[in-house]
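Data first, discussion second: the structure below is written as structure tokens.
The values are calculated or read from the model by the stated rules, or taken from the named source; none is laboratory data. In this text, all values refer to a predicted model and were calculated from it rather than measured experimentally. No Cβ is skipped: glycine too gets one built from the backbone with ideal geometry, and neighbour counts run over all protein chains shown. Accessible surface is based on the protein model in full, side chains and every heavy atom, while ligands, DNA and RNA are left aside. Shrake-Rupley method; radii C 1.70, N 1.55, O 1.52, S 1.80 Å.
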Amino acid sequence: MTVLFGTSIPVGQANAVATGPGPGAGTDTSTGDSRTSARAGQTPAAAATRRPSEGSVHSWDLSTGVDGPGTRFVTFLSGCPLTCLYCHNPDTMRMRNGKRTSADAVIAEARKYTRFISASGGGATISGGEPLLQPVFAGELLHRMKNDLGLHTALDTSGFLGARATDALLRDVDLVLLDIKSWDRETYKKVTGRPLEPTLDFARRLADQGKEVHLRFVLVPGLTDARENVEGVASFAATLGNVSRVDVLPFHTLGESKWQALDMPFTLHDTPSPTAGQVAEAKSVFAAHGLKAV
């Protein structure tokens, strides 16, 4: 269950609801001029652009429960190459729906909460959308969250664009929240509009690097819940050796109103949420392969 400390804050409204210096303030009393700090903390990829790192940001939030351990500062980047049928944030699918925002602005906002976050054993998560659609910006944020703010970092990704994650970016990632939405290739294509193989390739690469992974699997009755489909995901995950947790997430229709607001058809309107028994059965499949399923 997710407990939100305040609602998700669109970046354009941050100054109106936040206390203290606004995002992107020119001077930070703990680090001196923020532009100097940004240059010192840039990732190699961002430094190569020879300009301040910017990206399209949908919103940021403080949350506890599903975005990694502890209370976390979650930055939602805009844009995603997948069109998942059950996406609960369809407003993040298009990059143009975000606001052009500097890394300085995001770091300045996150800095306000670092003591509280650290005390909870939390950290920072870069989510979306799909953050690897903006790999330079995502890498810059991960690097500065980890090195400037001293926070545990997590990358929330479908893995489809995993090839865009450089080794330098991954060095600044403590945990990857990786979605494997189906094992059956046809079902995966139906759910996401994309092929599965890039995600599996990325999962293997993370395993080769010994990067900790929390795997997430959405259980959709009549779509992803076939026993052989769950078994396929579980069997693959068990071969990796770096999956410390599997989140079996029950499908829900809570995002349907967002689809309607965007005048987009929500094709799973009549699909029920799985029963407690169905969720427990899926978890038992993962557990049978020696994986911790929650």
Discussion item. What FRET efficiency comes out for Ser284 versus Glu228 if R0 is 22 angstrom and r is the Cβ-Cβ distance? Round to the nearest 0.05.
Written reply: 0.90
Fill in: Residue (of Thr267, Thr239, Val218) at the positive-pole extreme of the range 207-294, dipole from beta-carbon charges
Thr239
Worksheet item: Of all accessible surface on the range 221-294 at a 1.4 Å probe, what whole percent is carbon and sulfur?
Response: 54 percent
Worksheet item: To the nearest µm²/s, what D does Stokes-Einstein give for the range 136-294 at 20 °C and 1.002 mPa s, using the Kirkwood radius over alpha carbon pairs as Rh?
Response: 128 µm²/s
Worksheet item: Per residue, what accessible area does the range 147-294 have, given a 1.4 Å probe and all protein chains present, in Å²?
Response: 45 Å²
Worksheet item: Once you wrap a convex hull around the alpha carbon atoms of the range 69-150, what is its projected area averaged over all directions, in nm²?
Response: 5.6 nm²
Item to complete: Would you please give the FRET efficiency between Arg100 and Ala261, computed as 1/(1 + (r/R0)^6) with r the Cβ-Cβ distance and R0 = 25 Å, to the nearest 0.05?
Response: 0.65
Fill in: Exposure rank, largest accessible area first [Met95, Met145, Met264; 1.4 Å]
Met95, Met264, Met145
Practice prompt. Report the dimensions of the range 211-277 along its three principal axes from the alpha-carbon atoms, largest first, rounded to Å.
Written response: 42, 26, 18
Worksheet item: What does the charge add up to near Thr71, with Lys and Arg as +1, Asp and Glu as -1, over the other residues with Cβ less than 12 Å from its Cβ?
Response: 0
Practice prompt. Please report, in debye to the nearest 20, how large the charge dipole of the range 212-294 is about its Cα centre when each Lys and Arg carries +1 at its beta carbon and each Asp and Glu carries -1 there.
Written response: 280 debye
Practice prompt. Could you please report the charge total around Lys190, scoring K, R as +1 and D, E as -1 over all other residues with beta-carbon less than 13 angstrom from its beta-carbon?
Written response: +2
Practice prompt. Of the listed pairs Lys146/Lys189; Lys112/Lys211; Lys190/Lys283, which have alpha-carbon separations greater than 32 Å here?
Written response: Lys146/Lys189
Worksheet item: What's the local net charge at Glu228, with K and R +1, D and E -1, over the other residues with C-beta under 14 Å away?
Response: -3
Discussion item. From the convex hull of the Cα coordinates of the range 109-197, what is the mean projected area in square nanometres?
Written reply: 6.3 nm²
Practice prompt. Could you tell me whether the range 72-119 comes out rounded, prolate or oblate from its Cα gyration tensor? Rule is a ≥ b ≥ c as square roots of the eigenvalues, rounded for a/c under 1.5, then prolate if a/b exceeds b/c, otherwise oblate.
Written response: oblate
Worksheet item: Counting only protein chains, not ligands or nucleic acids, how are Glu231, Glu130, Glu186 ordered by accessible area (probe 1.4 Å), most first?
Response: Glu186, Glu231, Glu130
